[in-house]
1. Working only within the stretch 185-225, note down all residues that are more than 16 Å from ligand 2 (Cβ to nearest atom) and of a type in the set (A, V, I, L, M, F, W, C).
2. Output the qualifying pairs, or none if there are none: Cβ atoms under 6 angstrom, residues six or more apart or on different chains, first residue in the stretch 372-388 and closer than 8 Å to ASP281 by Cβ, second residue assigned to a loop (DSSP other than H, G, I, E, B) and not basic (Lys, Arg).
3. Would you mention how many residues in the stretch 1-24 are open to solvent by 40 Å² or more (accessible area, probe 1.4 Å), in contact (Cβ under 8 Å) with a residue 24 or more places away in the chain and in a helix (DSSP H, G or I)?
4. Hey, SER27 hits all of (1) under 22 Å from PRO200 (Cα atoms); (2) surrounded by fewer than 19 Cβ atoms within 10 Å (Cβ to Cβ) but one; which does it fall short on?
5. Take LEU287 and decide whether it is of a type in the set (A, V, I, L, M) and surrounded by fewer than 21 Cβ atoms within 10 Å (Cβ to Cβ).
6. Given the residues GLY357, GLY365, which is the only one that is more than 23 Å from GLU244 (Cα to Cα) and either open to solvent by 50 Å² or more (accessible area, probe 1.4 Å) or touching a residue at least 60 places away in the same chain (Cβ under 8 Å) (or both)?
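The values are calculated or read from the model by the stated rules, or taken from the named source; none is laboratory data. Just so we're clear, the structure is a prediction, and the values are computed from it rather than from any experiment. Note that each Cβ is placed from the backbone with ideal geometry, even for glycine, and that neighbours are counted across all protein chains shown. Protein only, heavy atoms only, side chains kept; ligands, DNA and RNA dropped before computing areas. Shrake-Rupley method; radii C 1.70, N 1.55, O 1.52, S 1.80 Å.
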Amino acid sequence: MNIHEYQAKEILKRFDVPVPCGRLALSVEEAVAAAADLSGQVWVVKAQIHAGGRGKAGGVRLCRSVEEVREAADGLLGSTLVTHQTGASGKRVNRLYVEQGVSIAREYYLSLLVDRESESVSFVVSPAGGMAIEEVALASPEKILTCPIDGSAGLTADDCATMIAMLGLGEAAAAAFPALAASLYRAFCESDCSLLELNPLIETTDGALIALDAKMAIDDNALYRHADFSAMRDLDEEDPREIEASAHGLNYIALDGRIGCMVNGAGLAMATMDIIQLKGDRPANFLDVGGGVTVHAVCEAFKLLFSDQQVKAVLVNIFGGIVRCDIIAQGLLEAIRTHPMQVPVVMRLVGTNEEQGRRLIHEAGLDVRWAADLDQAAELAVAAAKGI
Ligand code: GDP
Ligand code: MN
């Protein structure tokens, strides 16, 4: 689950990570009141959307008077922000965060992530802060340091020294760094994060380190341990198809291709997506219906695929072990009562109760295209999407 910058900063504050003073604003009046409430002469009005690159897209406005705050809030609220992370359709701005302006001496990059390579939580730091880290990685990879943290030893003084050297911190900032890094590491682990990114982490003119931006992603599997985090979910930021799928316990991720997939097992789902690409088309989604799936959930999954305008053909690839093929067939029959099949459906249905599943579909007189194996299924689906 992704959360907004202001929510991430609220969590970081609990772990004593220095963040600028700020207030959430849902209206222009609230933004003006927030600025009046926060002392100082400079404010920053920041669009709260689940995407980075807001600064370049005009979503981060530096204001030198309350009047400018009013103008910035008025311009941003309700507008659509298109950044390099939102896709062409952009994201509507419904929330603003008004912060006290901070004077920046230097901008750094710092993130924590679950690093599969080192099988640990790793810090990633770079002196090239404030820009897209992907671009830094391409243009000057030597400016990025990955520092894996030994889970049993925790963050060590050596780890901090290595990162301080890489960042090239001045004396005051270097002295502040170990406490900051320890707070961030604790915030990351105790909040069950999958990602925590400060871009930029800044050094002020007097050598203090402040998290100027914050992006936090929480591991969905750990949400049950954080009742307060669930309230931070913002459904406006999520794909409506994914919200619908998660309501029915389906592992579904929307993609931008045109072949709708229904598969059991994450590995088989990935293989299915790969082979669709190999045959020259692209999957519209990842969907793993899982092992103990019910007729109702399968039905909802089919409805999701059938009502997706992007989907030009559906590929069902079920290798029935725990999943029973007749359940998949019943789910399809249930779905077409309200969502008639308007695109071709290709089925590879093998394993437990395979005959029953096929029989149900034949008896209902459904026009599905049968495939003997995955290779043929993908070929048929790619052809079907082309209208062949
Ligand atoms: P992003 O573009 O979505 O990553 O948004 P950020 O929160 O990182 O803001 C983008 C940029 O705005 C930062 O890299 C800073 O250069 C600038 N910025 C944000 N807050 C302040 C501030 O308080 N003072 C100054 N001078 N610049 C700021
Ligand atoms: Mn940023």
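1. ALA187, PHE188, CYS189, CYS193, ALA208, ILE218, ALA222, LEU223, listed by residue number.
2. From residues that are closer than 8 Å to ASP281 by Cβ, the pairs are VAL382/GLY280; VAL382/ASP281; ALA385/ASP281.
3. We begin by selecting, within the stretch 1-24, every residue open to solvent by 40 Å² or more (accessible area, probe 1.4 Å); these are 2, 10, 13-14, 16, 18, 21, 23-24.
Filter again for in contact (Cβ under 8 Å) with a residue 24 or more places away in the chain, leaving 2, 14, 16, 18, 21, 23-24.
Of the ones still in play, those that are also in a helix (DSSP H, G or I) are 14.
Qualifying residue count, the stretch 1-24: 1.
4. Only one criterion is unmet by SER27, namely (1).
5. When the stated conditions are applied, LEU287 does not pass them.
6. On inspection, the qualifying residue turns out to be GLY365.
Residues checked against (1) loosely packed, with under 13 Cβ neighbours inside 10 Å; (2) touching a helix residue (DSSP H, G or I) at 6+ places or on another chain (Cβ under 8 Å); (3) within 30 Å of VAL66 (Cβ to Cβ):
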| position | (1), (2), (3) |
| --- | --- |
| SER89 | yes, no, no |
| ILE104 | no, no, yes |
| LEU112 | no, yes, no |
| VAL124 | no, yes, no |
| ALA161 | no, no, no |
| ALA165 | yes, no, no |
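One line per residue, one yes/no per condition, for (1) within 16 Å of ligand 2 (Cβ to nearest atom); (2) in contact with a His (Cβ under 7 Å, 6 or more places away or on another chain); (3) farther than 26 Å from PHE229 by Cβ; (4) aromatic (Phe, Trp, Tyr):
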| position | (1), (2), (3), (4) |
| --- | --- |
| ILE11 | no, no, no, no |
| GLU71 | no, no, yes, no |
| LEU77 | no, no, no, no |
| HIS84 | yes, no, yes, no |
